[in-house]
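Novice: Here's a structure for you.
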Amino acid sequence: MNNRAAALYTALALVYAFLYLPIVLLVIYSFNASRLVTVWGGFSTKWYGELMHDHQVLDAAWLSIKIALMNATLATLLGTLAAVVLVRFQRFPGRALFTGMVSAPLVMPEIITGLALLLLFVGMEHLIGWPDGRSMTTIVIAHVTFSLSFVTVVVRSRLSQMDRSLEEAAMDLGARPLTVFLRITLPIIAPSLVAGWLLAFTLSVDDVVISAFVSGPGSTPLPIVIFSKVRLGVSPEINALATIVVALVGVAIAIAGRVMMRNERASGG
Amino acid sequence: MADNAVKRNAPTPWTDGASAPLIHFEGISKRFGDFVAVDHVDLAIYPGEFFSLLGASGCGKTTLLRMLAGFETPTGGRILIDGVDMTGIPPYERPVNMMFQSYALFPHMSVEDNIAFGLKQDGLAKAVIRDKVARSLDLVQMSRFAGRKPHQLSGGQRQRVALARCLAKEPKVVLLDEPLAALDKKLREQTQLELVNIQDRVGITFVMVTHDQGEAMTMSSRIGLMNAGRIEQVGSPVEIYEYPGSRFVADFIGAANMFEGTVKGGGGRLAIACPELAHDLEVAHADPLPAGSAVTVMVRPEKMMISRDKPEAGLNWAEGVVADIAYLGDVSIYHVRLTSGRKVQALQTNLRHTEEQRLTWDDAVHLSWHPANALVLTR
Amino acid sequence: MKAVSGRAGRFLVGLAPYAWLVLFFLIPFLIVFKISLSEARMGIPPYMPLVEWADGAVAQWHISLAGYGALFSDDLYALAYLSSLRLAAIATIGCLLLGYPAAYAIARSPGHVRQPLLMLVALPFWTSFLIRVYAWIGILKNEGLLNMALQALGIIDEPLQILETDWAVSIGMIYSYLPFMILPLYATLEKMDLSLLEAAADLGCKPFKAFLAVTLPLSMPGIIAGSMLVFIPAVGEFVIPDLLGGPDTLMIGKVLWAEFFDNRDWPAASAVAVAMLVVLVVPIMAFQHFETKRAEREG
């Protein structure tokens with residue numbers, strides 16, 4: 001390894017340290033007996049105990065999971081359809097508008113999307129009486145709207161890399177278009193659907209800004225609860241929550257990584 | 001040998017005048033926007049043939065094949081298979097199966113499931129499917145690999161599975177899109193003959209698209225040479241090589257020395273004056289041509305004899321010096337510069353290990369060829 | 001394609017996502033625009049309709065530019081815009097400076113470690129963004145870990161005020177958006193043909209010059225895509241300046257939030273949103289243009 005390579009890998013190591021140090025510190029201090037972040041008061045799991053009795057946090061977490069499940073499923077469905085449209089239908093009226101609408105949410109500041117959706121819901125309620133106030137429904141609709149774009153990006157890239165002759169071969173062997181889609185296309189792009197679903201799920205459980213606009217008093221998802229707690233200052237309970245999230249994500253990623261690796265090998269890349 | 005040599009061969013379905021074609025292209029055209037990919041093609045392919053569509057990339061051969069499979073809709077004309085008009089019939093209802101250039105094996109299915117896929121679409125009984133899959137695998141000698149996934153196979157093995165998948169449904173026609181392009185040279189040559197033998201055994205009509213003339217010559221009963229969306233010539237490999245119908249065909253297949261000239265007269269044997277050659281040529285030609293007609297005389301390099309000595313009488317000949325030599329081991333190609341400055345290729349088989357009198361650069365040589373071994377082209 | 005699936009089938013496949021996006025993405029923006037022109041009022045909803053049909057036939061228009069008026073009369077807004085653009089630019093440059101060497105190192109590392117290294121970049125994204133930003137409070141505050149470490153090393157005597165300054169906001173944004181810079185950069189660097197560098201070296205070009213003359217121009221698509229992915233959302237960022245910034249940290253996202261939730265002035269909040277969109281429309285269009293071109297190349 002020459003000097004240049006050594007410098008590069010040092011830079012890389014620093015970047016990883018930058019990315020992971022805050023997370024590691026959160027985990028360590030979640031076991032701190034002291035309430036003060038900077039003082040180590042001995043090992044303790046008491047913040048986990050407190051967290052387990054915090055009904056506000058637990059209810060919010062459950063609501064967030066329900067929302068994320070619905071969002072991920074709906075966003076994957078719509079996002080996949082959008083990807084099929086973009087890759088397979090080369091010309092149709094309004095294609096430019098459609099392309100724009102699919103990719104804009106990727107970069108649109110959340111605060112604008114949140115405000116716009118809230119104004120829509122208020123206006124619709126005024127006009128047709130639905131949706132009745134802000135609820136889980138409005139949160140799911142809002143989340144699907146921005147996360148379907150991310151699903152589309154993931155699925156679209158896989159779909160456009162897929163060898164078209166596989167579908168032609170299936171058709172040539174007597175399979176009708178629907179059979180071709182279900183037996184050939186879908187299994188081949190399945191890894192991207194799983195990735196898209198996980199992405200949509202994560203975006204949903206993590207979202208603060210859009211949820212702040214479209215959630216109501218009776219439906220407060222977890223990020224909003226954390227946000228209001230954090231705004232009041234550092235709280236060790238949040239450290240414990242963060243540690244649990246990191247642990248869950250770690251396990252999920254390990255499993256997903258293994259499954260993906262097997263799939264990649266099975267489909268030859 | 002005369003130019004009607006082929007007619008003396010045994011009758012074939014395409015010459016006996018009694019057989020009905022299995023596939024009939026009637027004035028087929030295909031446009032993509034302003035681009036004409038296929039231009040009014042009329043073509044008949046007969047049962048049991050191994051027919052090759054040969055041409056450079058972009059000549060329309062693949063489009064023609066894809067129209068036959070039903071992946072492209074013709075913008076004009078119609079295609080009949082076994083007398084049935086295929087217009088409006090989707091790919092999944094046509095009695096043809098295609099072997100793709102990429103093989104298009106389903107990556108998520110085992111070899112067995114790949115082959116069974118088409119049979120399942122027909123709703124056959126499980127036992128029947130198992131039986132047919134086994135027979136197809138046996139045909140291509142892949143029975144040992146039934147449980148493997150495509151990515152666990154070598155290129156040659158994938159190619160066999162793709163073929164087995166086509167054959168399993170026992171279609172009326174098997175379409176092959178550059179079936180050997182992905183294989184390396186040695187394996188390709190070996191597979192060429194194997195494919196022909198399998199076709200012979202199953203008796204199914206094969207239509208193949210290829211850009212490789214050696215492949216087309218080795219495998220085909222007949223070749224359709226395509227150029228710019230049209231069929232230039234249809235014929236057996238011998239006809240196409242020995243009796244090309246046009247300058248394009250002569251130039252495309254193999255190497256050719258071509259001389260522009262003017263007919264001076266004669267019947268059966270034409271006397272032709274070529275400005276690039278010192279002497280008038282004599283060329284066998286059955287159809288009379290009026291004196292003064294502009295023609296091209298074509299001589300294949302292997303039909304030109306090269307030597308330091310003056311050739312015997314009755315042969316066409318020319319003088320020149322050796323300008324370049326391409327030594328290929330089995331043969332050598334001599335590039336000879338004639339007195340007029342024109343360069344001509346002559347091919348000689350290297351019969352002995354060492355040749356004392358081997359020609360070398362700047363040797364003065366004589367080229368000679370028999371009047372029957374040249375061809376007069378009017379197109 | 002026509003032979004493959006009927007027009008009706010195609011129509012139905014496209015209809016669902018199309019209709020969804022028109023209803024929940026396009027129309028809401030039109031409503032934002034509409035309300036930005038309305039008069040504020042006390043009540044529910046807290047704005048006047050644009051048109052009222054008095055006596056059944058006579059239309060009464062209530063178009064107000066009050067929402068926009070404030071944008072120009074109160075220089076708070078102008079300052080917030082400039083400050084947002086400045087902080088977003090700092091975040092973009094910071095991400096580029098940190099992300100480029102990292103992406104380069106990953107792209108040039110042996111094939112079998114690339115995917116794991118890349119995974120490590122993307123991994124933090126899967127844990128909560130909010131919690132990761134929150135972690136920086138504990139690090140940056142006066143009695144936080146960074147100040148403690150610097151003091152212990154004897155570099156400083158008094159704690160530095162980092163939290164509640166633009167410094168903290170910049171660090172937080174670079175930290176949060178870094179993966180969005182590294183991933184597209186990696187994608188272009190990884191695809192680069194290394195024999196180009198060998199050719200440059202062979203023609204007498206020194207490594208650093210070869211980098212400037214060959215690698216950098218060829219990685220431009222990745223630089224542009226990454227910069228857009230960082231800059232555009234950073235301009236409208238709210239959570240990071242709210243948690244890490246102080247009372248003087250001005251960002252347009254914070255202003256919009258305050259107008260909407262604290263002042264309940266919907267027309268003003270909408271006007272701020274419209275103005276933000278106007279600023280961002282050029283980079284957003286550019287981003288879409290590049291994305292479409294990239295997708296077409298891939299397809």
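Novice: Residue under question is C:Tyr175, and the condition is that it be part of a helix (DSSP H, G or I), surrounded by 14 or more Cβ atoms within 10 Å (Cβ to Cβ) and without any contact (Cβ under 8 Å) to a residue 60 or more places away in the chain; does it hold?
Specialist: Yes.
Novice: Given the criterion assigned to a helix (DSSP H, G or I), more than 11 Å from chain C (Cβ to nearest Cβ) and surrounded by 12 or more Cβ atoms within 10 Å (Cβ to Cβ), identify the matching residue among A:Leu51, A:Leu25, A:Leu8.
Specialist: From the options A:Leu51, A:Leu25, A:Leu8, the qualifying one is A:Leu51.
Novice: Could you say whether any residue in region C:144-155 is touching a residue at least 60 places away in the same chain (Cβ under 8 Å) and either surrounded by 21 or more Cβ atoms within 10 Å (Cβ to Cβ) or closer than 24 Å to C:Leu97 by Cα (or both)? Quick ask: steps written out before the conclusion?
Specialist: Of all residues in region C:144-155, those touching a residue at least 60 places away in the same chain (Cβ under 8 Å) come to none.
No: region C:144-155 contains no residue that is touching a residue at least 60 places away in the same chain (Cβ under 8 Å) and either surrounded by 21 or more Cβ atoms within 10 Å (Cβ to Cβ) or closer than 24 Å to C:Leu97 by Cα (or both).
Novice: If you check A:Ser64, A:Ser44, which single one turns out to be surrounded by 21 or more Cβ atoms within 10 Å (Cβ to Cβ), within 30 Å of A:Thr243 (Cβ to Cβ) and either more than 7 Å from chain C (Cβ to nearest Cβ) or touching a residue at least 40 places away in the same chain (Cβ under 8 Å) (or both)?
Specialist: None of the others qualify; the one that does is A:Ser64.
Novice: Another question, if that's okay. Need the failing condition index for A:Gly100 against (1) facing chain C (nearest Cβ under 8 Å); (2) in contact with a Leu (Cβ under 7 Å, 6 or more places away or on another chain); (3) of a type outside the set (A, V, I, L, M, F, W, C), just the number.
Specialist: So A:Gly100 meets the others, but not (2).
Novice: Restricting the search to region C:104-136, which residues are under 14 Å from C:Tyr177 (Cβ atoms) and in contact with a Phe, Trp or Tyr (Cβ under 6 Å, 6 or more places away or on another chain)?
Specialist: none
Novice: What's the number of the condition C:Ile232 fails, among (1) more than 9 Å from every other protein chain (Cβ to nearest Cβ); (2) touching a helix residue (DSSP H, G or I) at 6+ places or on another chain (Cβ under 9 Å); (3) surrounded by fewer than 23 Cβ atoms within 10 Å (Cβ to Cβ); (4) among the hydrophobic types (A, V, I, L, M, F, W, C)?
Specialist: (1)
Novice: So, one more: Read through the list (1) more than 10 Å from chain A (Cβ to nearest Cβ); (2) over 17 Å from the mean Cα position of the chain (by Cα), then give the number of the only condition that C:Ser270 fails.
Specialist: It fails just one condition, (1).
Novice: Something else now. Taking region C:198-225 only, how many residues are within 12 Å of another protein chain (Cβ to nearest Cβ), buried (at least 16 other Cβ atoms within 10 Å of the Cβ) and not aromatic (Phe, Trp, Tyr)?
Specialist: 2
Novice: Determine which member of the set C:Leu196, C:Leu189 is modelled with pLDDT under 90 and either over 24 Å from C:Ile90 (Cα atoms) or part of a helix (DSSP H, G or I) (or both).
Specialist: None of the other options fit; the residue is C:Leu196.
Novice: For region B:19-45, give me the residue count where each residue is among the hydrophobic types (A, V, I, L, M, F, W, C), at pLDDT 90 or above and over 18 Å from the mean Cα position of the chain (by Cα).
Specialist: Final tally of qualifying residues: 9.
Novice: Working only within region A:138-159, note down all residues that are surrounded by fewer than 24 Cβ atoms within 10 Å (Cβ to Cβ), closer than 19 Å to A:Ser211 by Cβ and touching an Asp or Glu at 6+ places or on another chain (Cβ under 8 Å).
Specialist: none
Novice: Here are some conditions: (1) within 14 Å of chain B (Cβ to nearest Cβ); (2) surrounded by fewer than 17 Cβ atoms within 10 Å (Cβ to Cβ). A:Leu166 meets all but one. Which one does it not meet?
Specialist: Just one mismatch for A:Leu166, condition (2).
Novice: Continuing with this model, one more query. So C:Gly246 fits all but one of (1) surrounded by fewer than 24 Cβ atoms within 10 Å (Cβ to Cβ); (2) part of a helix (DSSP H, G or I); what number is the exception?
Specialist: (2)
Novice: Follow-up question, since we're still on this one. Within region A:198-211, does at least one residue satisfy the condition of being within 14 Å of chain B (Cβ to nearest Cβ), under 18 Å from the mean Cα position of the chain (by Cα) and farther than 19 Å from A:Ala142 by Cβ?
Specialist: no
Novice: Strands (runs of 3 or more DSSP E) wholly in region B:124-238 with at least 2 residues that are of a type in the set (D, E, K, R) - which ones?
Specialist: B:230-235
Novice: Looking at the structure I just gave you, is A:Gly216 over 29 Å from C:Leu183 (Cα atoms) and either out of contact with any Asp or Glu (no Cβ under 6 Å at 6 or more places or on another chain) or buried (at least 18 other Cβ atoms within 10 Å of the Cβ) (or both)?
Specialist: Here the answer is yes, as A:Gly216 does meet what is asked.
Novice: Any idea how many residues of region C:122-139 are more than 7 Å from chain A (Cβ to nearest Cβ) and out of contact with any Leu (no Cβ under 6 Å at 6 or more places or on another chain)?
Specialist: Going through region C:122-139 one residue at a time, the tally reaches 2.
Novice: For residues in region B:155-204 being out of contact with any Leu (no Cβ under 9 Å at 6 or more places or on another chain) and within 14 Å of chain A (Cβ to nearest Cβ), which is modelled with the lowest pLDDT?
Specialist: Here the residue is B:Ala182.
Novice: Among the residues that make up region A:79-97, is at least one of them facing another protein chain (nearest Cβ under 10 Å), touching a Phe, Trp or Tyr at 6+ places or on another chain (Cβ under 7 Å) and more than 24 Å from A:Phe201 (Cβ to Cβ)?
Specialist: no
Novice: Going by what's in this entry, would A:Ala242 be described as at pLDDT below 90, within 11 Å of another protein chain (Cβ to nearest Cβ) and either out of contact with any helix residue (DSSP H, G or I) (no Cβ under 7 Å at 6 or more places or on another chain) or not in a helix (DSSP H, G or I) (or both)?
Specialist: So A:Ala242 does not fit the description; no.
Novice: Scan region A:115-127 and give yes if some residue there is more than 7 Å from chain C (Cβ to nearest Cβ) and under 17 Å from the mean Cα position of the chain (by Cα), otherwise no.
Specialist: no
Novice: Just to be sure before I move on: is C:Pro28 touching a helix residue (DSSP H, G or I) at 6+ places or on another chain (Cβ under 7 Å), modelled with pLDDT of 85 or more and either more than 30 Å from A:Arg164 (Cα to Cα) or more than 7 Å from chain A (Cβ to nearest Cβ) (or both) in the structure I sent?
Specialist: The answer is yes for C:Pro28.
Novice: Only one of these conditions is not met by C:Phe260: (1) over 20 Å from C:Tyr177 (Cβ atoms); (2) at the interface with chain A (Cβ under 7 Å from one of its Cβ atoms); (3) in contact (Cβ under 8 Å) with a residue 60 or more places away in the chain. Which number is it?
Specialist: (3)
Novice: Oh, and also: Give region B:254-280 a look and list any residue that's touching a residue at least 60 places away in the same chain (Cβ under 8 Å) and either under 14 Å from the mean Cα position of the chain (by Cα) or in a loop (DSSP other than H, G, I, E, B) (or both), or say none.
Specialist: The answer is B:Ala255, B:Pro275, B:Glu276, B:Leu277, B:Ala278.
Novice: State which residue is surrounded by the fewest Cβ atoms within 10 Å (Cβ to Cβ) when the search covers only region C:6-25 and only residues that are more than 19 Å from A:Phe150 (Cα to Cα) and at the interface with chain A (Cβ under 8 Å from one of its Cβ atoms).
Specialist: Ranking the qualifying residues of region C:6-25, first place goes to C:Gly9.
Novice: Here is a follow-up. If you go through region B:109-135, how many residues are free of Cβ contacts under 8 Å to residues at least 12 places away in the same chain and either within 13 Å of chain A (Cβ to nearest Cβ) or closer than 16 Å to B:Val173 by Cα (or both)?
Specialist: Of the residues in region B:109-135, 4 are free of Cβ contacts under 8 Å to residues at least 12 places away in the same chain and either within 13 Å of chain A (Cβ to nearest Cβ) or closer than 16 Å to B:Val173 by Cα (or both).
The values are calculated or read from the model by the stated rules, or taken from the named source; none is laboratory data. Worth saying up front: this structure is predicted, and the values here are computed from it rather than measured. Backbone-built Cβ (ideal geometry, glycine too); neighbour counts: all protein chains shown.
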